[in-house]
Each structure stands twice: as structure tokens, then as C-alpha cells.
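Participant: Structure in C-alpha cells, see below.
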Amino acid sequence: MADEQPVKKKRQVKNPETFREKVVKAGQEGDKPKKSRRLGQASKRVIAPLARPVSKGVKKAGKSKALKPFRKPSRIVGKIIVPTYIRDSWKELKLVTWPTWKMSLRLTGAVLIFALIFGVIVAVVDYGLDKLFREILLK
């Protein structure tokens, strides 16, 4: 009995998580990064006091028994008016992690500098080729 070898377990390979699965998992765990939006915060301060009474009235009207027969038809009309593509696009936009203001400025600066350098290189090559072809073809 001492000669018996331990039984090896078969190795199970897990499929790697897809990007979409990671996003859904992160959304469920509440690990979303905080979004800092200066303009959004300022507009909320201005609009919120005006919109609060309106939204409360709409919520009360939506829950009223008088409008109950119109709920289902309004959903159907909403699905007809707003195509699936737009609704799905809106859902995808909610999953996007937007860059911070500082990162946006940095990336914009990098793009502008790259465009400037690339434009200078193209201009120099164009000028050189122009001189070369004028010398060769016009002689």
C-alpha cells in the first residue's frame, strides 16, 4: 500500500474573461472610478433646484392610477420612436470610463505637438522633392 502513488487531479483551464465580462463585473462590484466633471457639477447646481419639483410631479403622475392604461402603449410608442440602435448606444455610453480634465488636456497637447512635428517633416520633404524635381526636369 505504501507503493501507491497519489492521484493527480486533472488541470482545468479557465477561459479568460472577456472585456465585456470585466466591465459587467466591475459595475456590479461598484468599483467604477469616480468621474470628475466640473461643467456637469456646475450645471447640476443650477438645474437641480429647478428640475426637482418637475421630476417629483412627473413621478407622481406616472404612478397615478389614472395614467395606468397609458403606460404600456407609451412604452411601445417609445420603442418605435427610439430605435434599438440608439437605446443600445446609450447603454454602451454609460459603460465608458471618461478621461479626467487633466488627462484630456495632456492628450490634446500631445496630439497638437505630434501634428505640428509631422507637418514640419512633410513640409521639409515636400520642399526638398520640389527642388530636386525642378533641377532634374527643368534643366
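The values are calculated or read from the model by the stated rules, or taken from the named source; none is laboratory data. All of these numbers come straight from a predicted model, not from anything done at the bench. Positions of Cβ are generated from backbone atoms using ideal geometry, with glycine treated the same way; all protein chains shown enter the neighbour counts.
Participant: Which members of segment 14-40 meet the condition of being modelled with pLDDT under 70 and more than 24 Å from residue 92 (Cβ to Cβ)?
Facilitator: 38
Participant: Take the conditions touching a residue at least 40 places away in the same chain (Cβ under 8 Å) and among the β-branched types (Val, Ile, Thr) and apply them to residue 84. Does it pass?
Facilitator: no
Participant: Here is a follow-up. Looking at the structure I just gave you, is residue 124 out of contact with any strand residue (DSSP E or B) (no Cβ under 9 Å at 6 or more places or on another chain), surrounded by 10 or more Cβ atoms within 10 Å (Cβ to Cβ), modelled with pLDDT under 90 and in a helix (DSSP H, G or I)?
Facilitator: For residue 124, the condition - out of contact with any strand residue (DSSP E or B) (no Cβ under 9 Å at 6 or more places or on another chain), surrounded by 10 or more Cβ atoms within 10 Å (Cβ to Cβ), modelled with pLDDT under 90 and in a helix (DSSP H, G or I) - is not met.
Participant: Condition (residue is more than 22 Å from residue 27 (Cβ to Cβ), small (Gly, Ala, Ser) and under 24 Å from the mean Cα position of the chain (by Cα)) applied to segment 108-115: is it met by at least one residue?
Facilitator: yes
Participant: Still on this structure, I have one more. What pairs come up if the first residue lies in segment 57-69 and is at negative phi and of a type in the set (Lys, Arg), the second is surrounded by fewer than 10 Cβ atoms within 10 Å (Cβ to Cβ) and at pLDDT 70 or above, and their beta carbons are under 6 Å apart, counting only those six or more places apart or on different chains?
Facilitator: Listed pairs, sorted by first residue: none to list.
Participant: Further, regarding this structure: Output the number of residues of segment 93-121 satisfying the condition of being surrounded by 10 or more Cβ atoms within 10 Å (Cβ to Cβ) and charged (D, E, K, R).
Facilitator: So the answer is 1.
Participant: On to the next question. Sort out which residues of segment 5-27 are assigned to a loop (DSSP other than H, G, I, E, B) and under 30 Å from residue 98 (Cα atoms), and write them in order of number.
Facilitator: 15, 16, 17, 18, listed by residue number.
Participant: Report, ordered by the first and then the second residue, all pairs with beta carbons closer than 8 Å, sequence separation of six or more or different chains, a first member in segment 90-113 that is more than 23 Å from residue 22 (Cβ to Cβ), and a second member that is in a helix (DSSP H, G or I).
Facilitator: Cβ pairs passing all conditions: 101/38.
Participant: If you don't mind, there's one more thing I want to ask. Only one of 60, 102 is in a helix (DSSP H, G or I) and modelled with pLDDT under 90; which? First the steps, then the outcome.
Facilitator: Values: 102 fails: modelled with pLDDT under 90.
None of the others qualify; the one that does is 60.
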